[in-house]
1. Going through the stretch 406-428 one residue at a time, which ones are within 21 Å of TRP567 (Cβ to Cβ) and either crowded, with 16+ Cβ neighbours inside 10 Å or of a type in the set (Lys, Arg) (or both)?
2. Take VAL257 and decide whether it is out of contact with any Leu (no Cβ under 8 Å at 6 or more places or on another chain), modelled with pLDDT of 75 or more, surrounded by 13 or more Cβ atoms within 10 Å (Cβ to Cβ) and in a helix (DSSP H, G or I).
3. What single numbered condition from (1) open to solvent by 10 Å² or more (accessible area, probe 1.4 Å); (2) at pLDDT 85 or above; (3) over 18 Å from THR565 (Cα atoms) fails to hold for ASP380?
4. Please go through (1) more than 30 Å from VAL401 (Cα to Cα); (2) open to solvent by 60 Å² or more (accessible area, probe 1.4 Å); (3) at pLDDT below 80 for MET168 and return the number of the only condition it doesn't satisfy.
5. Can you pull out every residue in the stretch 330-367 that is assigned to a loop (DSSP other than H, G, I, E, B) and hydrophobic (A, V, I, L, M, F, W, C)?
6. Within the stretch 334-374, can you find the residues that are farther than 30 Å from MET120 by Cα, at pLDDT below 85 and either exposed (fewer than 13 other Cβ atoms within 10 Å of the Cβ) or of a type in the set (Lys, Arg) (or both)?
7. Just checking, how many residues over the stretch 520-537 are touching a residue at least 12 places away in the same chain (Cβ under 8 Å) and over 15 Å from HIS554 (Cα atoms)?
8. When the residues of the stretch 223-251 are narrowed to those that are open to solvent by 40 Å² or more (accessible area, probe 1.4 Å) and within 30 Å of ALA323 (Cβ to Cβ), which ends up modelled with the lowest pLDDT?
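The values are calculated or read from the model by the stated rules, or taken from the named source; none is laboratory data. These numbers were taken from a predicted model, which means no experiment stands behind them. Note: ideal-geometry Cβ built from the backbone for every residue, glycine included; neighbour counts use all protein chains shown. All accessible areas refer to the heavy atoms of the entire protein, side chains included, with ligands and DNA or RNA removed. Shrake-Rupley method; radii C 1.70, N 1.55, O 1.52, S 1.80 Å.
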Amino acid sequence: MNIRSFFKTADERYSALQIARWLWKVWQGNRLQATLNATIGLLGVGFSLAMVWAMKRAIDLAAGSVGLLPGEGGVTRGQLYGAVGIMALITLCDFGIGISRVWIKNILGVKARNRMQQLMLARLLRSEWRGREAMHSGDVINRLETDVNHVVNFLTETLPSTLSTIAMFIGAFFYLLQMDAWLALITVGILPIFILGSRFYVHKMRQLSRKVRESDSFVQSLLTETMQHRMLIKTMEADDQMLDRLEGTQSELRERVKKRTAFSVTSNLLLNTGFSLGYLIAFLWGLVRLSDGTITFGAMTAFLQLVYRIQGPARDLTKLAPAFVGVFTSAERLMELEEIPEEEQGQAVMLPSPCGVRFRNVGYRYTTNQLPTIQHANYDFRPGTCTAILGETGSGKTTLVRLLLSLVKPQEGSIEIYAQTRQGGPVAYPLSPLHRCNFVYVPQGNTLLSGTLRDNLRIGAPDATDEQMLEALHTACAHFVDELPNGLDTVFAERGGGLSEGQAQRISIARAMLRPGSVILLDEATSALDAATERELLDNILRGQQKTVIFVTHRQAVTEYCDQTIWVK
């Protein structure tokens with residue numbers, strides 16, 4: 001039986017070998033914590049077995065002094081005190097091991113989880129944007145939190161503790177073997193039965209755990225979406241409807257948890273029955289030998305402790321089955337996040353300002369069975385010009401923006417970005433994510449994040465000074481910030497809570513204007529502004545600007561400021 005067949009399920013997406021390789025790669029980034037936990041675990045095993053010896057010695061010393069009259073030779077009180085002192089010293093060492101284990105778990109454990117979350121999030125941020133995400137944001141968050149915790153805990157705590165568990169099992173077995181070979185063999189003789197039964201357990205438990213994790217993600221996705229659109233839900237008076245949907249999703253989760261729990265409880269009941277039977281056999285065996293006078297009372301105490309220290313690790317090893325099930329399920333879900341290919345990575349390529357963008361017979365469709373969203377597009381956004389892109393809803397304006405920003409790639413034709421060098425010669429490149437630094441993009445809608453005004457602005461330019469930020473705000477007609485009580489340190493709630501849509505939009509424009517790119521792309525960026533403010537804003541943006549400006553808009557009034565107008569049909 002190999003690991004592939006042991007963990008195989010009918011609906012697995014990855015083989016056990018693929019998951020094991022992925023886990024090995026993750027483990028390499030957490031070797032320090034895993035090594036420390038393994039070392040502390042092995043020290044704990046040593047102190048535990050030493051305690052068995054010390055307790056047997058103390059009991060036998062005390063039993064040897066029973067019946068002696070004062071003044072007769074034998075065990076002295078000093079020897080008894082010394083024996084108890086050794087036990088106290090071992091206990092103190094064991095306390096130190098426990099404290100170290102907690103410290104490593106709470107300090108290094110948090111660091112390890114944070115690091116893996118950062119790596120996974122960085123991988124997602126660098127991945128291709130496909131326009132239609134296959135996973136709900138709530139599901140992704142669930143994977144970044146719960147599944148990352150499962151994987152890190154398994155690699156840094158469960159696996160290292162397994163090493164000490166095996167060491168405890170082997171050490172206790174050989175200790176008992178030298179005291180009573182038959183009892184040692186009987187104690188471990190029942191273990192193969194449970195190992196054989198665990199194959200069925202793993203197969204079934206992996207299926208049930210996968211379904212529970214999926215339902216848990218559905219619940220979080222619904223909660224996330226409800227909070228994001230709570231204003232819509234309130235105005236539509238759909239409170240009861242959303243609560244009913246949540247109850248239905250939670251009901252499915254409860255049912256799946258119930259099935260998994262019933263299976264787990266039944267399996268554990270059978271397992272514990274076997275271990276209890278083994279302990280009772282050992283207890284009876286010790287009583288018989290004690291009554292026959294072939295062992296001391298201290299030896300019988302050692303018997304029971306050693307049997308417990310054999311069965312305890314064996315019991316812990318059987319718990320590895322659900323642990324493996326859990327980590328394999330979580331690893332699969334995180335591996336799915338990594339399936340999205342990465343964008344082209346490398347040094348950003350900044351062209352001389354101003355630069356232009358040229359479309360040559362570009363076509364794009366989101367799915368193979370869908371009509372093209374963009375087809376035969378031939379546009380030239382010349383350097384230093386201003387262009388208005390107009391069209392009906394669904395005509396492809398948003399897709400055009402995504403193509404300009406290299407969020408999606410043309411499936412037909414080509415797009416190039418070009419400019420004139422300082423020496424006067426032309427330079428052109430096929431447009432790619434490496435050229436995104438040349439764009440100053442203002443998306444439609446409210447895109448402010450929670451935090452201070454300064455935090456929001458520095459998303460556009462991390463090193464921007466206060467003077468540069470205030471200048472950008474005034475260029476964006478955000479004069480209202482001068483009246484904010486805390487100025488740039490004013491704290492906003494989620495999505496700029498407390499600001500009007502027009503105010504949030506102007507801050508978004510200021511944030512974008514701090515970027516150094518020479519192609520300004522405004523996607524319905526003035527939709528929430530009145531005509532006078534829009535006119536002032538456009539004058540500020542276009543006055544003296546040696547940049548290429550592209551407006552994506554429904555407002556034909558914007559065309560008065562433009563050199564050319566493109567109708568997308």
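1. PRO410, GLY413, ILE415
2. yes
3. Evaluating ASP380 over (1) open to solvent by 10 Å² or more (accessible area, probe 1.4 Å); (2) at pLDDT 85 or above; (3) over 18 Å from THR565 (Cα atoms) leaves (3) as the failure.
4. So the condition that MET168 fails would be (2).
5. ILE340, ALA348, VAL349, MET350, LEU351
6. ASN369, GLN370, LEU371, listed by residue number.
7. 4
8. LEU223
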